[in-house]
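Step one of this worksheet: look at the structure below.
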Amino acid sequence: MIWVMEAREIGREVRREGLLTDLLDLRLYLVGLYVFLALPAGMAVFVLLFGGVVGGVMTLPFLVGAPLLLGALWLVGALAEVQRVLASLLGLRFTRPALPPVYSGVLSWLRATLSDPATYRSLLFHMIQLPLALVCWTVLLSLLAVVVVGLGAPLWVMNPANFHVAWRDSTVQLGPWAVAGLVLLGLGALLVTGGVLNLIGRMWVRLCMALLPRDLGDEAARREVVALRQAAGRVALGDDLHATLTDLTTQARLASTARTVALVAPDGAVRAHSGPDDLAGLLDALPAAGEASVRVAADGGVLAVLPVTLPASAGVRGGTLRAEYPSGMRPGPDELAFLLSMADHAGTALHAGELIERAGARAGEQERARLARELHDSVAQALYGISLGAKTARATLDKDPARTQASLDYTIRLAEGGVSEMKALLFSLRPDALEEGGLVAALSQHAHALEARHGLKVHAELNTEPNLSPDVQAAVYRVAQEALHNVVKHARAGQVWLSLQEDEAAVRLTVRDDGRGFDPAEKGRGTLGQRSMRERAAGIGAALEVLSQPDQGTSVLLTLPKTAKTAPTQRAKVGA
C-alpha cells in the first residue's frame, strides 16, 4: 500500500509570486494560443458531428444515412486525437497504445467503439468545448477591450481629432487625471487578464485530463511491467552505475505520465535525469520510507517526491526520486506505486555500486598484503643476503682474497636474483606489462627469478613472440607461472625446461621438470593448481595436458589452436 502526503504549504517556499509572474510566464501565452484555437476548433467539431448525425438521420431511409452515422461515430475518436494534439499546448502528454487495435470487420469495430468509455467522454468534451470556448472568448475580449481603452488613453489626448467621444450635444475631453486613471485601469485589467488566463488554462487542463485520456489501464500496466523488468536486468548487470541510474530514470519517464524524472542525491545534486526540467535542489520536507509526497513544483507544475531507500549498513544515502508533471496533472496511486518501485531499484543499484567499490578497496588491501609478503620472501631476503655478503667481503678483503672473491660472486648473484624477482613482481602486478614487454620477456624474467631465488637450472627455449591478444597473453603467462610454482613447491626438481613455440596450427607452452613426479590417478594430488590452470586454459579455448609418473618428473603442455587466439576479445565485445 502506498500513502500519498499532500504538501499544502510548499507553494510559499518554491513558487515566487509577483505582479508580473503570470505575464512573464511563456506557458501563459501557450494557454492563450490554445484558447484562441479552441473556438474555431469547437465550431468545426460541432459542424462536422452535428452535420453528420443530422444528415445520417434524415437520409437513413435512403440507405445513405448508415454510412453517415458510422462516419460521425468515427469522427468522435478522430477529432479526439486532434484535441489531444492541441492539448500539448497546455503541457499535456497522452499515452498512445503500443499497438493499434485490429478489427475483423465493421461490426467488430462498431461493437468495440460503442463499448469503449473513451468514446462517450470524447463526445462529452466535443459538446462542452464550443460553449466553454465562447465564454472564455467573451471574458478575455472584454478584459482586452478594457486594456486597450485604458492603455490607449494617452493617444486619445494626443490626437483628439481622431479620438473623440460625443455625449448628447457635447464632446468629452479627458483631463490628465482621467488619462492617468484610465492607464491604471488598463494596467490593472492587463494583470487581471493574465490571472484569468492562468485560471482558464487550469480549467482546460483539468477538463482535458478528465475527458480525453484513453482507457489504457492494461497498456499502462504492461508498460510498467516492461520498465520494471528492464530496470531489474539493468541493476543486475551493474556494469556502470551512472548508466544504470540514467536508464532507470528514462524507463520511469517513458512508462509514466511524468514530464521529467530525476534521481537526486541528499545534497540536492542530480545523479541522473530524463526530461527537460531541472529538478535539483534541497527540499524542506522529505517523505518517509514507503511514502510519496505530491506538492507544487517551483514552476507551477506538480512534483512527486519518493524516497530512495538503502539498507542501514550502506555507506551512502539514497536521496529521492522526483517526477514532475504539468500544471493540473496529478499521478494516481498506481503510478506512484510504480515510481516507488523504480526508486527501490535505484536504491538497489546504489547499494550494489557501494558494495562493488568496497570490494575493490578490500581487494586492493589484499593485493598490497600479498605484495608485502612477496617482497619479504624474495627481494627483502635478497637485500639482506647482499648486505651479509658485502660485510663478509669487506672483513676478508686483506686476509683471504679467495673468500672475498666468493663473497662478491655470491653478492652479485643475489643482486641479479633480486632484480629478476622485482621484474617478475612487476609483470604479475601490471597486466599491461605483458602487452608492453611481451610474453617472451615475461617468461624470461620469471625463469631468471627462479634460478636466482631457488637455485633451479632453467632451460628456456623461447622463440619469437607469438601473435596473441593481451587477454590470451595474460592467461598463458598465468598458466606458466602456476606450473613453475608447482615445480618449486612440490617437485623437488633440479632442472626445469620451459618452452614456447608457435607453428601454423597452434601455440604450445611446455613446462617440464626432473622432479619426483606424482601419480595423476591418486586422489587429492595437485587438484587445486591443476583446476586453476584448466580454468584459464578453457577460458581462452586451449587444451591443457598434465603428464607425470612417480620419480619421472612432470610435464605440463598447453596447446592453443590458432582459431581460438581471439576468442577472449570476441567475448569481450559481445559482453559489452
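Here are some notes:
- Rg(Cα)/(2.2 N^0.38 Å) for the range 451-505, N = residue count: 1.28
- Sites Lys457 and Ser532, calculated FRET efficiency, Cβ-Cβ separation with R0 30 Å, nearest 0.05: 0.70
- Calculated FRET value between Met158 and Glu365, using beta carbons and R₀ = 56 Å, to 0.05: 0.05
- Projecting label points 7 angstrom from Cα along Cα→Cβ for Ala210 and Val139 puts them 1.4 nm apart.
- Residue separation of Arg508 and Leu151 scaled by 0.36 nm, minus their Cα-Cα distance, works out to 119.0 nm of gained length.
- Per-residue extension of 0.36 nm, minus the Cα-Cα distance of Trp497 and Val183, leaves a gain of 102.6 nm for this segment.
- Which of Lys489, Lys562 is most accessible, then next, and so on - probe 1.4 Å: Lys489, Lys562
- Ala289 versus Leu254: modelled label distance in nm, points set 7 Å from Cα along the beta carbon direction: 3.2 nm
- Under 5 Å, built H, 5+ apart or other chain: amide partners of Asp514: Gly494, Gln495
- Residue separation of Ala265 and Lys391 scaled by 0.36 nm, minus their Cα-Cα distance, works out to 39.1 nm of gained length.
- Cβ-placed point charges (K, R +1; D, E -1), dipole of the range 492-552 about Cα centre in debye, nearest 20: 340 debye
- Projecting label points 7 angstrom from Cα along Cα→Cβ for Ala521 and Ser115 puts them 7.6 nm apart.
The values are calculated or read from the model by the stated rules, or taken from the named source; none is laboratory data. Being a predicted model, the structure only gives us computed values, none of them experimental. No Cβ is skipped: glycine too gets one built from the backbone with ideal geometry, and neighbour counts run over all protein chains shown. The area values use the complete protein model at the heavy-atom level, side chains included, leaving out ligands, DNA and RNA. Shrake-Rupley method; radii C 1.70, N 1.55, O 1.52, S 1.80 Å.
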